[in-house]
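Read through the structure below, which is laid out as structure tokens, and then see the notes.
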Amino acid sequence: MENEKTNQLTVYDELKNLLTSIKDKIKTSNMEKSVFLELTKSAKIIQEKLNDLLKKKGVLTQSDIDDAYIILQEQQREVFEKKIKNNNKKILIFSVIGIALISYFYFYKKK
């Protein structure tokens, strides 16, 4: 019973921390509209789950805890996918720059 109570607090705290983190990111003014909309959507999903958990007044089933963890995992997955996408863009940009420099030096030495 004690372990289940700890899990409930942990899930709630993790959701609350994630929501706080997202709200802090939203407060930054220099972000694209698409990023703002995605963060707002994520914050809404998390807030709805927190409200759902609070309505149950501490009596959570394992299903409720599992659902909360699924939401946390989805949010983390989205963050990692965005990081991978950004890293792939950086690799592509540096590759193009590298190829351009190599081509420039090749043609420069050829002349």
*Between K33 and L92, what is the label-to-label distance in nm when each label sits 7 Å out along the Cα-to-Cβ direction?*
2.2
_Pairwise FRET efficiency - I26 versus K85, Cβ, R0 = 30 Å, nearest 0.05_ = 0.90
*Go through [x] 1.06; [y] 1.09; [z] 1.29 and flag the label whose value is the computed Rg/Rh (Cα atoms, Kirkwood Rh) for this structure.*
[z]
*GNM, the chain, Cα, under 10 Å: largest mean-square fluctuation among A68, A43, A100?*
A100
*Cα-Cα over 20 Å: which of K25/K56; K44/K89; K27/K57; K27/K85; K25/K89; K23/K49?*
K25/K56; K44/K89; K27/K57; K27/K85; K25/K89
*Within a Gaussian network of the chain (alpha carbon springs, distance under 10 Å), most fluctuating of K16, K89, K41*: K89
*Estimated distance in nm for a label pair at Q62 and I102, the labels positioned 7 Å out from Cα along Cα-to-Cβ*: 5.5
*Based solely on its DSSP helices, what 222 nm [θ] is calculated for the chain when runs of n ≥ 4 H residues each add -39,500 (n - 2.57) and the sum is averaged over all residues, nearest 500 deg cm²/dmol?*
-32000 deg cm²/dmol
_With unit charges on the beta carbons (Lys and Arg positive, Asp and Glu negative) and the dipole taken about the Cα centre of the chain, which residue among I102, I26, N88 sits farthest to the positive side?_
I102
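Every number in this text was worked out from the coordinates using simple rules, so none of it is lab data. The structure displayed is predicted, hence computed values, not measured ones. When we count neighbours, we look across all protein chains shown, and the Cβ atoms used for this are built from the backbone with ideal geometry, even at glycine.
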